[in-house]
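Taking it in order: structure first as structure tokens, then the write-up.
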Amino acid sequence: MTIIAPSLLSADFLNLQSEVEAFKSAKDLWFHLDLMDGHYVPNLTFGKTVLKGLHKVTAHKLDAHLMVSNPEDYIEALSDIGIHNFTFHWETVNHQDCLIRELKKLYPSVGISLNPATPIEAIPDYIFNEVDLLLIMSVNPGFGGQYFIEGVVDKIKKANQIKKDRNLNFHIQVDGGINDKNAPMLISSGATMLVAGSYIFNTDSNDYLKRVDSLR
Ligand code: DX5
Ligand code: ZN
């Protein structure tokens, strides 16, 4: 089953607990948490205090997507608040393999993220054995509600081919501009996890679970 990861960036920040509780009965669902530092991307979101609170009110897995210039600085800080997956941007680090190794000691799942303009060939073969998740950005990071960049579909297919050729199991997560129109094509291209913010939360009916189902 494709995992759906609602991005809380588009949720109502003043009512986060009830927003999160609305997904209580959903299966195969992670909460996607976009951490931005106002430096790597021109936006700021939330930090440890908010994440810690979220962990107390949900049993769903927490998926941290760090859009920050120095992900190394957050390894320890986020390690004791129930984060399941820690994803950093490949482009922000010089010694990615060292960082992956450090993260593995503290988090059940470790992900790397590629901006739309970063080719999959930027990642050396051996890295695919080390990660649990590959995040393929389908918008340039920083904001919710942007348009899906079609050019990344090829990258999803290439990642899926790498998995097949080498019998690997990492998740292929796609993030940005996802809705019920492009989701089927993303799943058939190899995506195993879809992140969606505005599509899920910007509804008149507030029926988030219906939106989650419609993505599958
Ligand atoms: C963008 C974030 C996304 C964002 C997706 O930088 O990484 O997770 O919240 O939002 P939508 O689904 O609205 O594009
Ligand atoms: Zn994200």
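The values are calculated or read from the model by the stated rules, or taken from the named source; none is laboratory data. All figures in this text were calculated on a predicted structure; none of them were measured in a lab. Methodologically, a virtual Cβ is constructed for each residue, glycine included, from the backbone with ideal geometry; neighbour enumeration extends over all protein chains shown. In case anyone asks, the SASA skips ligands and DNA or RNA and just uses the protein heavy atoms, side chains included. Shrake-Rupley method; radii C 1.70, N 1.55, O 1.52, S 1.80 Å.
Miscellaneous remarks
- Of residues in the range 1-48 being within 11 Å of ligand 2 (Cβ to nearest atom) and among the aliphatic types (A, V, I, L, M), the one farthest from residue 196 (Cα to Cα): 41
- Of all residues making up the range 160-216, the number that are on the phi < 0 side of the Ramachandran plot, among the polar types (S, T, N, Q) and either open to solvent by 40 Å² or more (accessible area, probe 1.4 Å) or in a helix (DSSP H, G or I) (or both): 10
- Residue identified as within 16 Å of ligand 1 (Cβ to nearest atom) and either within 17 Å of the chain's Cα centre (by Cα) or polar (S, T, N, Q) (or both) among 140, 129: 140
- As a summary of the residue check, residue 5 satisfies the conditions (1) closer than 22 Å to residue 203 by Cα; (2) in contact with a Phe, Trp or Tyr (Cβ under 6 Å, 6 or more places away or on another chain); (3) surrounded by fewer than 21 Cβ atoms within 10 Å (Cβ to Cβ) except for the one numbered (3).
- The set of residues in the range 53-94 being within 16 Å of ligand 2 (Cβ to nearest atom), among the charged types (D, E, K, R) and either assigned to a helix (DSSP H, G or I) or open to solvent by less than 10 Å² (accessible area, probe 1.4 Å) (or both) consists of 63, 91.
- Residues (assigned to a helix (DSSP H, G or I), away from ligand 1 (no atom under 14 Å from the Cβ) and not small (Gly, Ala, Ser)) located in the range 1-50: 14, 15, 16, 17, 20, 21, 48, 49, 50
- Selected residue (criterion: nearest to residue 91 (Cα to Cα)) from residues of the range 143-189 that are in contact with a strand residue (DSSP E or B) (Cβ under 7 Å, 6 or more places away or on another chain), among the small types (Gly, Ala, Ser) and within 15 Å of ligand 2 (Cβ to nearest atom): 176
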